[in-house]
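Have a look at the structure below before the remarks.
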Amino acid sequence: MAQQLEFFDIPSPCRNLCELDPKGYCRGCFRSRQERFEWNGMNNAEKRHVLHLCHQRYLRFSRAAKANDETPPEQPSLF
C-alpha cells in the first residue's frame with residue numbers, strides 16, 4: 001500500500017477547556033495527562049492514534065450523558 005506524504009504537522013486538539021474528569025481525561029480534548037505532555041514529541045502516526053482514542057472517549061462520554069438525560073415520563077402514555 002502506498003504511503004501518503006505528510007506535509008503539515010497535526011495540530012493539538014486542545015480547546016482551552018483544561019479540566020479533568022473523574023477518570024483523569026481532559027473534558028475539552030479527552031486526552032490523558034500523559035498524552036497532553038507527550039504531544040509535541042509524538043510523530044504523526046502516534047498523534048493520529050491519540051486522536052482516535054480521544055474520539056472514542058468522546059463517543060463514550062456522549063452516550064453516557066444521553067443515557068443520564070433520558071428520564072421516564074411521570075405517567076406512562078396510554079397510546
inquiry  = Could you tell me the relative contact order of the range 19-67? Use alpha-carbon pairs under 8 Å, at least six residues apart, and round to a whole percent.
reply    = 27 percent
DSSP-assigned coil residues among GluC sites (Glu not before Pro) in the range 17-47, each with at most 15 further Cβ atoms within 10 Å = GLU19
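Quick note: the coordinates plus some simple rules give every number you see, no bench work behind them. All of these numbers come straight from a predicted model, not from anything done at the bench. FYI the Cβ positions are ideal-geometry reconstructions off the backbone, even for glycines, and counts take in every protein chain you see.
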